[in-house]
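I have placed the structure first, in the form of structure tokens, so that the comments after it can refer back to it.
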Amino acid sequence: MLKRILYFGYYLKQLDKEKFTKFLDFTFNQTRKSKLAILSDVISSVFLHNISLLEYFQFRFFDLTDQERKYWAGTGYMYEYQFGMNPKSERHILDDKTLFYKKYGEFFVHQVADLETLKGNQEIAEKLLNNPSAKIVLKVSDGKCGKGVFITQTAEFKPATLVQFMEQEGYELAEEFLIQHPELQRLSPSAVNTVRIFTQLNASNEVELLGCRLRISVNSPVDNMAAGNMAAPIDEKTGVVIGPGVYSDITKTDEVIHPITGVRIEGFQVPFWKETLEMVEKAALKHPQNRSIGWDVVITEKGPGLIEGNHDWCKLLWQLPVKRGLKAELEKYK
């Protein structure tokens, strides 16, 4: 019980109060239950199922039976699971974007350089500034959910001024701006739309897939669900999207057709699917000390490439697109 009280304190501290109020009002209008009754159920669910206060709404617990609620993996459960699968002493390979590109660089399809490399090698800096996209992406090494990212034109810099700007603003990594595959550009051109693939090593150190999702931007420069974008489930055998785009904002309805481009989401074929799975499976075995990883993959005309690997991969992105709790999928690996 003490642990659950500590979790509850953490959830309160991290709570987006504006979003909570918005979701509470929506649930009141949907269920016609009193707000006091809903709040009581929220708090009870937080302690009983170790979910955050917002996850009560995002998992739509207000529509579920007690038995159905047991299947959903919330923040507390996922923290403990991922801490066991990806030890604190090893997960830094994934946490640090600079270290990640050095360890997994063979799977990249775009140019990347860290600040120290750029300081000592003007030729690499020049090559990076002359990339085909004419854009450059600057990142902090520990940024998450699209935060700590700056995109600008390469014409703004010369090698020396690029280094100076990165030092001044605290950016540690510079990357070529990725040009996504024309089919993904047709689906949504506002951002690079990445594929998230969840891998798990079993007891025999074989790679098993926990799920595949397509992240879809909606008039946004990033594709993260947390930034208001969608995600849709992908059939892991074919690479075909098999469901609508869903939001983590419960007040928004699912999208079968992209609301900006008009391109159909269900039935969309992700290009280079066979190559994508082969690449991710190789990456998952490269450092098997981290056993459960959410990989972000870009699909270009040249094929797939890694962007990053996440040891604390998102339970919303994993579960919401398939509209069911997937906790049981993890139990067999514990």
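Here are some notes:
Quick grid of which residues meet (1) under 27 Å from residue 277 (Cα atoms); (2) surrounded by fewer than 18 Cβ atoms within 10 Å (Cβ to Cβ); (3) without any contact (Cβ under 8 Å) to a residue 12 or more places away in the chain; (4) of a type in the set (A, V, I, L, M, F, W, C):
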| site | (1), (2), (3), (4) |
| --- | --- |
| 106 | yes, yes, yes, no |
| 128 | no, no, no, yes |
| 152 | no, yes, no, no |
| 171 | no, no, no, no |
| 187 | yes, no, no, yes |
| 201 | yes, no, no, yes |
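- Any hit, region 80-101, residues being open to solvent by 30 Å² or more (accessible area, probe 1.4 Å), touching a helix residue (DSSP H, G or I) at 6+ places or on another chain (Cβ under 7 Å), farther than 26 Å from residue 14 by Cα and modelled with pLDDT under 95: yes
- Considering the conditions (1) under 25 Å from residue 328 (Cβ atoms); (2) part of a loop (DSSP other than H, G, I, E, B); (3) of a type in the set (Gly, Ala, Ser), residue 231 is excluded by exactly one of them, (2).
- Given (1) without any contact (Cβ under 8 Å) to a residue 12 or more places away in the chain; (2) surrounded by 20 or more Cβ atoms within 10 Å (Cβ to Cβ), number of the condition residue 117 does not satisfy: (2)
- The helices (runs of 4 or more DSSP H) found wholly in region 264-334 and carrying at least 2 residues that are at pLDDT 95 or above, open to solvent by 60 Å² or more (accessible area, probe 1.4 Å) and out of contact with any strand residue (DSSP E or B) (no Cβ under 9 Å at 6 or more places or on another chain) occupy 273-286, 327-331.
- Within region 228-240, the set of residues being touching a Lys or Arg at 6+ places or on another chain (Cβ under 9 Å) and free of Cβ contacts under 8 Å to residues at least 40 places away in the same chain comprises 228, 229, 230, 234, 239.
- Residues that are open to solvent by 90 Å² or more (accessible area, probe 1.4 Å) and within 19 Å of residue 78 (Cα to Cα), drawn from region 1-45: 1, 2, 3, 6, 10, 13, 14
- Number of the exception - residue 162 against (1) out of contact with any Gly (no Cβ under 7 Å at 6 or more places or on another chain); (2) modelled with pLDDT of 95 or more; (3) within 30 Å of residue 322 (Cα to Cα); (4) not in a strand (DSSP E or B): (3)
- Filtering region 206-222 to residues that are surrounded by 16 or more Cβ atoms within 10 Å (Cβ to Cβ), touching a residue at least 60 places away in the same chain (Cβ under 8 Å) and out of contact with any Pro (no Cβ under 7 Å at 6 or more places or on another chain) leaves 207, 210, 211, 215, 222.
- Search result, residues across region 100-149 that are in a helix (DSSP H, G or I) and aliphatic (A, V, I, L, M): 115, 118, 124, 125, 128, 129
- Cross-chain or 6+ apart pairs with Cβ under 7 Å, region 7-18 first and outside the structural domain of residue 248 (by the TED database), then open to solvent by 40 Å² or more (accessible area, probe 1.4 Å): 8/47
- Flag if residue 179 is in contact with a Ser or Thr (Cβ under 9 Å, 6 or more places away or on another chain) and either under 29 Å from residue 55 (Cα atoms) or part of a strand (DSSP E or B) (or both): no
- Those residues of region 231-252 which are in contact with a strand residue (DSSP E or B) (Cβ under 9 Å, 6 or more places away or on another chain) and of a type in the set (Val, Ile, Thr), in sequence order: 234, 238, 240, 241, 242, 246
The values are calculated or read from the model by the stated rules, or taken from the named source; none is laboratory data. Worth saying up front: this structure is predicted, and the values here are computed from it rather than measured. Reconstructed Cβ throughout: ideal geometry from the backbone, glycine too, with neighbour counts over all protein chains shown. The area values use the complete protein model at the heavy-atom level, side chains included, leaving out ligands, DNA and RNA. Shrake-Rupley method; radii C 1.70, N 1.55, O 1.52, S 1.80 Å.
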